[in-house]
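> Here it is: the structure, laid out below.
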Amino acid sequence: MAHCVVSEAEALLDKEFPVLDKGFVRLVDYLGSDSRIVQAARVSYGEGTKTFRQDKGLISYLMRNDHTSPFEQVNFTFHIKMPIFVARQWIRHRTARVNEISGRYSVMADEAYIPAMEHINLQSEDNKQGRSEEPMDPVIQEKIARLLADDQKRAFETYHELLDLGLAREIARIDLPLSLYTQWYWQMDLHNLFHFLKLRLDSHAQYEIRAYAEVILSMVRAVCPMACEAFETLVLHGQRFSSAEMDAIKVMLGGKECPLTGRERSLFEDKLR
């Protein structure tokens, strides 16, 4: 297989794309493209790249039928700067290769995340792990932002005072907030990256990690536009139905009321919407 060079991707390399108030995503390197996916898929019977239309159709077929190994032939390496609480969610995706900045070796920068006013919300009443979408009193929002900033300032002052006293960096860092920005190099193949994006672009995912996922998707789209189109059409904006839900659809197509009840019906209706 020839080395894949994508001009749209080359234009993105090493450029910082801002996320949140102080974070960024930078595409460091990529290996492969749409052509690598179709070459890998066709290697079993010795045929290489065909027409654009045929390649696009093959990629859609692979995505629709969960033939994942050709997508694993494409790899991405990103340099990402994010708050620690976002990194803790992120690291749950264990198929990546990660190298993170260490507070044992480095003095951490005085950089912490403060949400924009429109993202300071009350706890949701029907979502135990998320925020409400209802607007909040601007006076209360400003007070919360000020409290966060004051606490961060005190934490950084204490951190530097401990360092000045000669305390080991690995101990001095333990009082720093979850809002502290960290950085890492993050490498993942396209199949697992699509799984990451499916979960982290979902409306139920926390806003802050969704913001990073949106930027990453735009970069992946530059490298693998056909694969991304198939992913967005069939996976990200598609739905899978359980056997009970399929039975309910058949009943409804027959002109009858949905037989599902309770939470099962609520989840089903969410999918239909």
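> Identify, please: which residue in the range 100-128 is polar (S, T, N, Q) and surrounded by 12 or more Cβ atoms within 10 Å (Cβ to Cβ) and is, among those, farthest from residue 185 (Cα to Cα)?
Filtering the range 100-128 for residues that are polar (S, T, N, Q) and surrounded by 12 or more Cβ atoms within 10 Å (Cβ to Cβ), the one farthest from residue 185 (Cα to Cα) comes out as 124.
> Taking the residues in the range 225-273 that are β-branched (Val, Ile, Thr) and touching a Phe, Trp or Tyr at 6+ places or on another chain (Cβ under 9 Å) as candidates, determine which candidate is nearest to residue 30 (Cα to Cα).
Checked the range 225-273; the qualifying residue nearest to residue 30 (Cα to Cα) is 235.
> Can you tell which of 199, 193, 217, 180 is among the hydrophobic types (A, V, I, L, M, F, W, C), in contact with a helix residue (DSSP H, G or I) (Cβ under 9 Å, 6 or more places away or on another chain) and surrounded by fewer than 17 Cβ atoms within 10 Å (Cβ to Cβ)?
On the way: 193 fails: surrounded by fewer than 17 Cβ atoms within 10 Å (Cβ to Cβ); 217 fails: surrounded by fewer than 17 Cβ atoms within 10 Å (Cβ to Cβ); 180 fails: surrounded by fewer than 17 Cβ atoms within 10 Å (Cβ to Cβ).
The match here is 199.
> Here's another thing I want to ask about it. Taking residue 71 and the conditions (1) within 15 Å of residue 224 (Cα to Cα); (2) in a strand (DSSP E or B), which numbered condition does it fall short on, given that it satisfies the others?
Of (1) within 15 Å of residue 224 (Cα to Cα); (2) in a strand (DSSP E or B), only one is false for residue 71: (2).
> Name every residue in the range 236-248 that is surrounded by fewer than 14 Cβ atoms within 10 Å (Cβ to Cβ) and of a type outside the set (Asp, Glu), in order of residue number.
237, 238, 239, 240, 241, 242, 243, 244, 246
> Which residue out of 141, 152 is closer than 18 Å to residue 117 by Cβ, of a type outside the set (D, E, K, R), out of contact with any helix residue (DSSP H, G or I) (no Cβ under 6 Å at 6 or more places or on another chain) and surrounded by 11 or more Cβ atoms within 10 Å (Cβ to Cβ)?
152
> So residue 112 ticks every box in (1) touching a residue at least 24 places away in the same chain (Cβ under 8 Å); (2) out of contact with any helix residue (DSSP H, G or I) (no Cβ under 9 Å at 6 or more places or on another chain); (3) not polar (S, T, N, Q) but one. Which box is left unticked?
All conditions are met except number (2).
> Criterion first (assigned to a helix (DSSP H, G or I), more than 18 Å from the chain's Cα centre (by Cα) and more than 30 Å from residue 176 (Cβ to Cβ)) does residue 149 satisfy it?
No; evaluated as a whole, the condition is false for this residue.
> List every residue pair whose Cβ atoms lie under 6 Å apart, where the two residues are 6 or more positions apart in sequence or sit on different chains, the first residue falls within the range 1-22 and is more than 14 Å from residue 224 (Cα to Cα), and the second residue, located anywhere, is charged (D, E, K, R).
Within 6 Å, the pairs are 16/26; 22/111.
> Select from the range 1-30 the residues that are of a type in the set (Val, Ile, Thr) and within 19 Å of the chain's Cα centre (by Cα) and write down the one among them that is farthest from residue 99 (Cα to Cα).
19
> Just for the range 155-168: of the residues that are among the aliphatic types (A, V, I, L, M) and surrounded by 11 or more Cβ atoms within 10 Å (Cβ to Cβ), which one is farthest from residue 22 (Cα to Cα)?
We begin by selecting, within the range 155-168, every residue among the aliphatic types (A, V, I, L, M); these are 155, 162-163, 165, 167-168.
When the remaining residues are screened for being surrounded by 11 or more Cβ atoms within 10 Å (Cβ to Cβ), the result is 155, 162-163, 167.
Details: 155: 18, 162: 25, 163: 24, 167: 28 Å.
Only one residue tops the list, namely 167.
Rundown of residues vs (1) in the same structural domain as residue 15 (by TED's automatic domain parsing); (2) without any contact (Cβ under 8 Å) to a residue 60 or more places away in the chain; (3) exposed (fewer than 13 other Cβ atoms within 10 Å of the Cβ), yes/no style:
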{"position": "222", "(1), (2), (3)": "yes, no, no"}
{"position": "225", "(1), (2), (3)": "yes, no, no"}
{"position": "228", "(1), (2), (3)": "yes, yes, no"}
{"position": "231", "(1), (2), (3)": "yes, no, no"}
{"position": "234", "(1), (2), (3)": "yes, no, no"}
{"position": "250", "(1), (2), (3)": "no, yes, yes"}
{"position": "258", "(1), (2), (3)": "no, yes, no"}
{"position": "262", "(1), (2), (3)": "no, yes, yes"}
{"position": "268", "(1), (2), (3)": "no, yes, no"}
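Residues are listed down the side, and each one gets a yes or a no for (1) at pLDDT 90 or above; (2) within 22 Å of residue 56 (Cα to Cα); (3) part of a helix (DSSP H, G or I); (4) within 25 Å of the chain's Cα centre (by Cα):
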site: 210; (1), (2), (3), (4): yes, no, yes, yes
site: 214; (1), (2), (3), (4): yes, no, yes, yes
site: 220; (1), (2), (3), (4): yes, yes, yes, yes
site: 231; (1), (2), (3), (4): yes, yes, yes, yes
site: 235; (1), (2), (3), (4): yes, yes, yes, yes
site: 241; (1), (2), (3), (4): no, no, no, yes
site: 244; (1), (2), (3), (4): yes, no, yes, no
site: 260; (1), (2), (3), (4): no, no, no, no
site: 270; (1), (2), (3), (4): no, no, yes, yes
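> Would you mind finding the one in 68, 95, 77 that is more than 17 Å from the chain's Cα centre (by Cα) and either surrounded by fewer than 19 Cβ atoms within 10 Å (Cβ to Cβ) or closer than 19 Å to residue 197 by Cβ (or both)?
Answer to the check: 68.
> Could you pull out the residue among 25, 38 that is closer than 30 Å to residue 116 by Cα, among the β-branched types (Val, Ile, Thr) and at pLDDT 85 or above?
None of the others qualify; the one that does is 25.
The values are calculated or read from the model by the stated rules, or taken from the named source; none is laboratory data. These numbers were taken from a predicted model, which means no experiment stands behind them. For neighbour counting, all protein chains shown are included, and Cβ atoms are generated from backbone atoms with ideal geometry for every residue, glycine included.
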